[in-house]
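The values are calculated or read from the model by the stated rules, or taken from the named source; none is laboratory data. Note that this is a predicted model, so its numbers are computed, not measured. Note that each Cβ is placed from the backbone with ideal geometry, even for glycine, and that neighbours are counted across all protein chains shown. Side chains are part of the model used for accessible areas, which takes the heavy atoms of the whole protein and leaves out ligands, DNA and RNA. Shrake-Rupley method; radii C 1.70, N 1.55, O 1.52, S 1.80 Å.
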Amino acid sequence: MAKLYFRYGAMGSSKTANAIMVQYNYHERGQNALMLKPRLDNRDGERIVGSRSGLSAPCRYVEELDEIDLSAYDCIIVDECQFLKKAQVQRLVDIVDHLNIPVICYGLRADFQGNLFEGSAWLMAWADTIEEIKTVCWCGRKATFNARVSDGRVVKSGEQILLGGNESYVALCRRHWATGELAPMEIRKISADKRAFLPLLLEADPCEAMIDRYLDDGELYALMINGRAASVAVVLDKGDGLCELCNLATAPALRGKGYAGRLIHHLLKLYQPRCARMEVGTSPDNIAFYEHFGFRPAYVRENFFADNYPEPIVENGVLLKDMTVLDRSL
């Protein structure tokens with residue numbers, strides 16, 4: 001007997017990754033699972049669901065259900081189901097009851113104000129099985145609220161639907177959502193809207209076109225102090241066991257407090273299982289800084305600054321021409 005499942009959790013609880021793995025498990029058994037999402041969710045591109053973990057899968061839109069021959073599928077999986085309308089949830093109920101096809105829905109239960117989304121409310125009412133996917137607040141308690149963050153503060157007014165990732169939302173326990181307290185210090189991987197951090201990235205690399213070369217393919221990490229980005233870094237996996245620290249920047253007003261160093265230590269530990277070596281290209285003034293973390297000069301990219309930047313770069317009165325590349329084992 002098929003069932004309608006509602007699996008909910010706060011942001012960062014790996015709901016989409018779970019959905020993708022369920023689809024994969026069906027395929028491993030030689031069965032077909034149809035992945036769906038509401039059309040308005042366009043953060044990962046058209047007809048794609050994507051997880052912060054890097055997993056992604058093709059999908060169709062819930063709005064296209066009537067165009068799809070469901071007899072070819074053994075299961076239907078719906079991501080971001082909080083955005084469904086009542087009629088769409090009713091359609092999923094009918095699929096379960098009349099076509100005997102199980103439907104598994106993944107999404108948020110409540111919005112940033114603590115109110116139920118329309119889709120979630122009706123799934124709570126009609127689902128055969130309701131399961132919570134747990135994650136934790138920065139304090140260690142179970143996170144049940146999706147706090148919307150703007151300019152380092154928890155906000156509780158505005159439109160219910162504002163698409164965004166961990167640059168705009170953070171999972172909090174009820175107590176810290178109510179008080180608006182964000183983590184005193186935490187490091188987050190930023191998967192969506194990386195360009196929101198462009199002003200800070202430009203502090204280390206003054207050419208937007210150069211940043212564009214590595215930002216999309218690289219992994220962006222931000223060290224947050226009370227919800228504000230203090231330091232950011234971008235690491236690019238270059239293959240063959242080598243990764244490059246392409247950008248490391250700290251907000252001018254927060255320099256000298258050790259935030260960049262904390263971020264480097266975090267990245268060295270994070271990439272150690274994945275890569276054998278990490279390299280970083282820099283100017284003469286920053287060589288000693290990186291040597292403090294075990295990096296050693298490896299080679300020189302001749303004329304790098306002269307050939308790749310439209311405007312001359314002068315550092316402490318010296319015109320930069322060559323880039324020194326340092327590396328270290330992980």
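The overall shape of the range 193-330 is rounded: from the C-alpha gyration tensor, with semi-axes ordered a ≥ b ≥ c, the ratio a/c is less than 1.5. Go through Ala143, Ile101, Val235 and say which Cα lies farthest out towards the positive end of the charge dipole of the chain; charges sit on Cβ, +1 for Lys and Arg, -1 for Asp and Glu. Ranked along the dipole, the leading option is Ala143. Computed from Cα atoms, the angle from the helix 86-99 axis to the main principal axis of the chain rounds to 60 degrees. Phi angles of the range 276-286 translate, via the Karplus equation with coefficients 6.51, -1.76, 1.60 and θ = phi - 60°, into HN-Hα couplings of 8, 9, 10, 10, 8, x, 8, 9, x, 5, 9 Hz per residue; Gly and Pro are given as x. Subtracting the Cα-Cα distance of Arg213 and Ser329 from 0.36 nm times their residue separation leaves 39.3 nm of extension gain.
Have a look at the DSSP beta bridges in the range 1-82 and tell me what percent are antiparallel, nearest 5. Show your work: numbers first, answer last.
Numbers: 3 of 9 bridges.
Antiparallel bridges: around 35 percent, rounded to the nearest 5.
Fully extending the segment from Leu254 to Leu55 would add 68.2 nm, taking 0.36 nm per residue of separation and subtracting the current Cα-Cα distance.
Compared with the dominant principal axis of the Cα atoms in the chain, helix 259-271 is inclined by about 60°.
When the solvent-accessible area of the range 1-128 is split by element, carbon and sulfur atoms take up 45 percent of it, the probe being 1.4 Å.
Taking the longest Cα principal axis of the chain as reference, the axis of helix 15-28 is set at about 70 degrees. Once the Cβ-Cβ distance of Asn308 and Ser71 is raised to the sixth power relative to R0 = 51 Å, the FRET efficiency obtained is 0.35. Fraction of C-alpha pairs exceeding 19 angstrom in the range 76-178: 47 percent, rounded to a whole number.
Remark: the range 96-189 carries 49 Å² of accessible area per residue (probe radius 1.4 Å; ligands, DNA and RNA excluded).
Measure off, as a whole percent, the carbon and sulfur share of the 1.4 Å-probe accessible area of the range 196-251, all protein chains present. Intermediate results must be reported in sequence, preceding the final value.
Details: 970 of 2160 Å².
Ligands and nucleic acids excluded, carbon and sulfur give 45 percent.
Each stretch of four or more DSSP H residues adds -39500 (n - 2.57); spread over every residue of the chain, this sum gives -6500 deg cm²/dmol at 222 nm.
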